[in-house]
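A.B. asks: Quick one: this structure, given as structure tokens, is what I'll be asking you about.
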Amino acid sequence: MGLLRRAPVVAGRRAVPWLLVLELLRQGQQHWNQQLSPRERSRALSLLKASKGRPGSLSAREQEELRALATKLDLKGFGTRAALSTAGRRVGRRH
């Protein structure tokens, strides 16, 4: 099982499988662009910036709007697809 294999330790830290990280970032960007229109993406980013990571700093209407955009993103579906597309890929070096 490629993903369950323990990553090699480098200088006291685990090595990061960068190609896997880059693939997940690529898939995330593709999902973001497919699920939301340019206007929705812009609005979601402006709400996230305005909140500064604290949803309570947004009005109730803005919180609901952000929640609706997040629901439209289908993050659970993205997670499932990302996990399935990376399953079986080797992490670390082959020995």
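The values are calculated or read from the model by the stated rules, or taken from the named source; none is laboratory data. Predicted, not measured: the structure shown is a model, and the values here were computed from it. Note that we place each Cβ from the backbone using ideal geometry, even for glycine, and neighbour counts take in every protein chain shown.
A.B. asks: Scan region 48-66 residue by residue and report those that are crowded, with 16+ Cβ neighbours inside 10 Å and more than 18 Å from the chain's Cα centre (by Cα). Give the derivation first.
C.D. replies: Pass one, region 48-66, residues crowded, with 16+ Cβ neighbours inside 10 Å: 58, 62, 65-66.
Answer for region 48-66, where residues must be crowded, with 16+ Cβ neighbours inside 10 Å and more than 18 Å from the chain's Cα centre (by Cα): LEU58, GLU62, GLU65.
A.B. asks: Give me the pairs: first residue in region 58-86 and free of Cβ contacts under 8 Å to residues at least 24 places away in the same chain and of a type outside the set (S, T, N, Q), second residue surrounded by 13 or more Cβ atoms within 10 Å (Cβ to Cβ) and part of a helix (DSSP H, G or I), beta-carbon distance under 6 Å, and six or more apart or on different chains, which are they?
C.D. replies: LEU58/SER51; GLU62/LEU47; LEU66/LEU47
A.B. asks: Could you say whether any residue in region 18-33 is within 17 Å of the chain's Cα centre (by Cα), of a type in the set (Asp, Glu), outside any helix (DSSP H, G or I) and modelled with pLDDT under 90? I'd like the intermediate steps shown before the answer.
C.D. replies: At the first step, the residues of region 18-33 found to be within 17 Å of the chain's Cα centre (by Cα) are 18-33.
Among the residues that remain, those that are also of a type in the set (Asp, Glu) are: 23.
After this cut, where a residue has to be outside any helix (DSSP H, G or I) as well, the list is none.
Within region 18-33 (the criterion being within 17 Å of the chain's Cα centre (by Cα), of a type in the set (Asp, Glu), outside any helix (DSSP H, G or I) and modelled with pLDDT under 90), the answer is no, since none of the residues qualifies.
A.B. asks: Can you tell me which of ARG81, ARG89 is modelled with pLDDT under 90, in contact with a helix residue (DSSP H, G or I) (Cβ under 8 Å, 6 or more places away or on another chain), among the basic types (Lys, Arg) and farther than 24 Å from SER37 by Cβ? Give the derivation first.
C.D. replies: Numbers: ARG81 fails: farther than 24 Å from SER37 by Cβ.
Only one candidate passes the filter, namely ARG89.
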